[in-house]
Structures are given as structure tokens and as C-alpha cells.
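Some notes on the structure that comes next.
Just so you know, all these numbers are worked out from the coordinates, no wet-lab data involved. Note that this is a predicted model, so its numbers are computed, not measured. Cβ sites come from the backbone with ideal geometry, for glycine too, and all protein chains shown count toward neighbours.
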Amino acid sequence: MEVYIVQPRGFCAGVRRALEIVQTALQNNDSPIYVRHEIVHNKHIINDLKQKGVVFIDDLSEIKETDKPVIFSAHGVAEEVKQQAQKMNLSIIDATCPLVEAVHQQIRKLEQEGAEIIVIGKPTHPEILGTVGQLKDKHKAHIISNLQEAEQLQIEPTKKIGIVSQTTLSVDDTKEIVCYLQKRFSNILNTAHPNVCFATTNRQKAVHQLAKMVENIIIIGSKNSSNSMHLKEAALHYGAQKAWLVDDASEVDWAEIDNCSSIGISAGASAPEYLVEELIKVLQQRYDNVNIHHVIVAQENINFK
């Protein structure tokens, strides 16, 4: 079995920062520690933090002990959530990814400039809820998730337009939508560059390279992780015959892998590296000769404070 492991993969700077924030809060406070929404989208991380005393909530009204800190997840929150927390006199720790916060600043600026704002992303994703939640007038936001929805937008072509996007989308799909919007609208204020973050972009580029080398690719990541899901889609789009998104080695369909002479491996931005290491161990136990090849597409040296 020839195994090709791509880099970059796994934790991005925003995820590392968010998890360090939670770990520091656990060290400095007695449990429970409240986190609004999953700190990052990974089943193993969430289960581990629950065992350590973290309580994940969907609404601040679920907090039973208001003297405990509440952490906002890496996906960010709407402005009204921050205001609610302040009214409740909660101790707020904001783990919003700095790149998501940059999108928040951008959408607030576009509203001040009087633009109709097109938001590219999944309407129920917490990052989009937080981004649109920065607006004083949410009716100014038009959320679209694909090219067909972009074509159905009911906005005058000469209106002032602003465009922002979710940071974890498909790079190619987002560019396609943005190119269409640039052709349709003549007065776009912010040059319409998508906000897909460097980590998402790098991981999709890496999978693109991997798909040139192997026909079968395993992506480590949870099903509710947008960037992990798009890695699987990217693998298939760029030429892989088969691609699987699994939480860990226990979910691998070994009957299918047994028929492969080579396999590629990557991991979503919220997937811990030990899950990749465990998968490699299982491969080495299952097959007599496993040759590991490291495919380095880019180096990431960015860390957030």
C-alpha cells in the first residue's frame, strides 16, 4: 500500500487559538465552562472538552451559573448575542477567528456605505449567522449558496453592492459566483474578492495536488465541518475516483480500501493530528508493506495571539 499524506492538513491557526482559549479557561476556572455553539466542528474535540467540564449551549439562557465564563466559538456570533451577554453581566471570552472577525468588520463597513450586501455561504451555518448578525438592518443581506441562487437575486443592476463570503467554502465555487456577480453588477464597492481563508484555500490546493497522484482519498473530519466536507468535494472534483469523509479510522470502509494499491490522506482544519496518526497505524497493521510518502504543497507558519 502506497500512502500519500498531504501537507498542509489539520488544525489551522484559528482552531489552535480557539482551543488554547478554552484550555486556558479550564485551567483558570472551576468547571463548568460554557461555550456558545461548538468551539470548532469536530466530534472528538467536542467529546473531549465535555469530559473536561465544558458545557456547550445554543443560547445564553441555558447558562445556569452566571458567574462562570462564556466563550464564543471560532465561528463568531451576532452583535445581539454580545449585547445579551453584557446585559446578563456574563464574563465573555471571545474565541472568534481573527479572519472571521475581519469579515465582520467588512460587512459593517459595507452597511455604513449603504450597500446591498450579498453574503455567499450556508444560511444556517453559525459563521453566516454571526456575519449577518453584525448588520443593523438584516434585510440588506442577501444570502446565497450557489450560482443558481446568485442568478435569482432580485437586486437592481446599478445598486451599490458589497460581497462577503463564509471563510470555509469551496474556493472554485466561490470564485465562480463572484465572477458572475462582477459581470452582473456595475457598482461593486469592495472589489468582490472572496473571504475564503488561507487555511481553507491551502488545504483545497493540497488535495488538488493529491488527486493528481492517487485515485482514492480519505479526508479526516466531521460531517458538520464545512471545510472538511469541501475537501472531499475538491478531491472528487479534481480527479479522485473515490473520496471518503470519516471522523476516524473506525469509520473507514475497509472492504473498499482493500482494493486500493494507493491511498491519499488529508484532514480538515478542525481535525486533530492524532486522528491521522491513528489511521496510519491501522493501515500499517492491516497491510504487510505500507510505504509513507509526504506531499508538501505549502508551509503554514501563521499563529494568532
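Other residues lying with their Cβ under 12 Å from the Cβ of Asn259 contribute a combined charge of -3, Lys and Arg counting +1, Asp and Glu -1.
As a calculated quantity, the FRET efficiency between Met88 and Lys223 at R0 = 41 Å, using C-beta atoms, amounts to about 0.80.
Note on the stretch 1-80 and the stretch 210-244: Cα centroid distance 25 Å, given to the nearest whole angstrom.
Across the cross-link table entries Lys122/Lys160; Lys64/Lys281; Lys68/Lys140, which are compared at the Cα atoms, the separations over 31 Å belong to Lys64/Lys281; Lys68/Lys140.
Take every Cα pair under 8 Å in the stretch 13-97 that's 6+ residues apart, average their separations, divide by the length, and report that relative contact order as a whole percent. Please list the in-between numbers first.
Values: 126 pairs, mean separation 29.5, N = 85.
It rounds to 35 percent for the stretch 13-97.
If only the Cβ of Lys and Arg carry +1 and only the Cβ of Asp and Glu carry -1, the dipole of the chain around its Cα centre is close to 780 debye. Dimensions of the stretch 106-188 based on its C-alpha atoms, expressed as ranges along the principal axes with the largest first, amount to 28, 27, 19 Å. Label-to-label distance for Glu101 and His139 is 3.3 nm, based on points extended 7 Å past Cα in the beta-carbon direction.
Computed over the stretch 57-104, the percent of Cα pairs more than 16 Å apart is 34. The calculated pair-distance distribution of the chain uses every alpha carbon pair, bins of 10 angstrom beginning at 0, and gives 6, 26, 29, 24, 12, 3, 0 percent.
The spread of Cα positions in the stretch 171-305, taken along each principal axis and listed from longest to shortest, comes to 61, 38, 26 Å. Pairs of Cα atoms nearer than 8 Å and 6+ residues apart set the relative contact order; for the chain it is 25 percent.
Counting only the Cα atoms, the stretch 13-97 fills a convex hull of 80 Å³ per residue. With only the Cα atoms considered, the stretch 68-160 has a convex hull volume of 99 Å³ per residue.
Ranked by the mean number of other Cβ atoms within 10 Å of their residues, highest first, the peptides 100-110, 175-185, 22-32 come out as 100-110, 175-185, 22-32. Contact order, relative form, for the stretch 99-184: 37 percent (alpha carbon pairs under 8 Å, 6 or more residues apart, mean separation divided by residue count).
Counting only Cβ charges, +1 for Lys and Arg and -1 for Asp and Glu, the dipole size of the stretch 99-184 around its Cα centre is about 240 debye.
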